[in-house]
Every structure is written in C-alpha cells, then in structure tokens.
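Below is one structure, written out as structure tokens; the observations come after it.
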Amino acid sequence: MLTRIATRLRIWRRRVSRSEWLARMMKLQINEREPDAPALVLIQIDGLARPQFERAMAEGKLPFLKKLIEREHYHVDHWYSGVPATTPAVQAEIFYGVRAAVPAFGFMSADSHEMLRMYESHGAN
C-alpha cells in the first residue's frame, strides 16, 4: 500500500517537475525508466571529512541529505582516494575503479611526457 502511494507521488512529482516540463516543451528526449528500477546517485562533497559530515547531519545543517537517508533509503559510504580531495581524482576512481587514476589536478603524462591539467580538455581525456 505504502509503496503504491510513494510510486504515485513520484509519478506526480515528475509530471510537475520544471525540468521535465521544459524538456517536453522543447521536444527533448526523456529517458523513461521503471520507478522501481535500480539506480545510482552519487553526491560528492569536496573536502568534507566524514566526522564533519556526521556532525553537520546531527546538528541539522544538512536537512536534504538527512531526508534522503531517512526517507528515501539512501546510504552513506566512505571513500578515500589516497590523494588530496580534488574532484577529478576522486571521480576518476569512482567511475573507472582505478586507484590513483589521476594523481593530482596537474600531472605529467606518462605517454607524451607533457604537463597536463584537469581544466584542459585533452588533459581530462
């Protein structure tokens, strides 16, 4: 019963979603999926240590994330990339599963021996 109600609420929220409405008005492709199909949502907060995250949750400073965890059955995992918290380094490890895939924001290419930076497209590729 509650699952059906939650499913109906999600469908209703999607129909009145501004982004969904705009995509339909612009005749853009919308990826449809079953409401109960498995999905993955990653929320990365650069430089926020686990103890500070937990303290902020306990103090009510992250109400949206707390709601996702309590009501939407999300869970928190710890991730340590082994390098300073830079977005490219952490995301490379998460998405590709390769430890230290990006050694830093700026690094020397092993192939070309040139200095690359992650804000340059060929360096990011």
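What residues have an amide H closer than 5 Å to that of TYR74, excluding those fewer than 5 places away on the same chain, when H is modeled at 1.01 Å from N in the peptide plane?
Sorted by chain and number, the residues that satisfy this are ILE69.
Amide H neighbours of LEU116 under 5 Å, at least 5 residues apart or on other chains, H built in the peptide plane: list them.
PHE107, MET108, SER109
With r defined as the distance between the Cβ atoms of ILE94 and THR7 and R0 fixed at 41 Å, what FRET efficiency is calculated, to the nearest 0.05?
Working: r = 29 Å, r/R0 = 0.71.
Plugging the Cβ-Cβ distance into 1/(1 + (r/R0)^6) gives 0.90.
Assuming 0.36 nm per residue, please report the length gained on full extension of the stretch GLU72 to PHE53 beyond their Cα-Cα distance.
Working: separation 19, 0.36 × 19 = 6.84 nm, distance 1.86 nm.
That pair, GLU72 and PHE53, stretches by 5.0 nm at full extension.
Coordinate-derived values only; no laboratory data. Nothing here was measured: the structure is a model prediction, and the numbers come from that model. Using ideal geometry, Cβ is built from the backbone for each residue, glycine included, and neighbour counts are taken over all protein chains shown.
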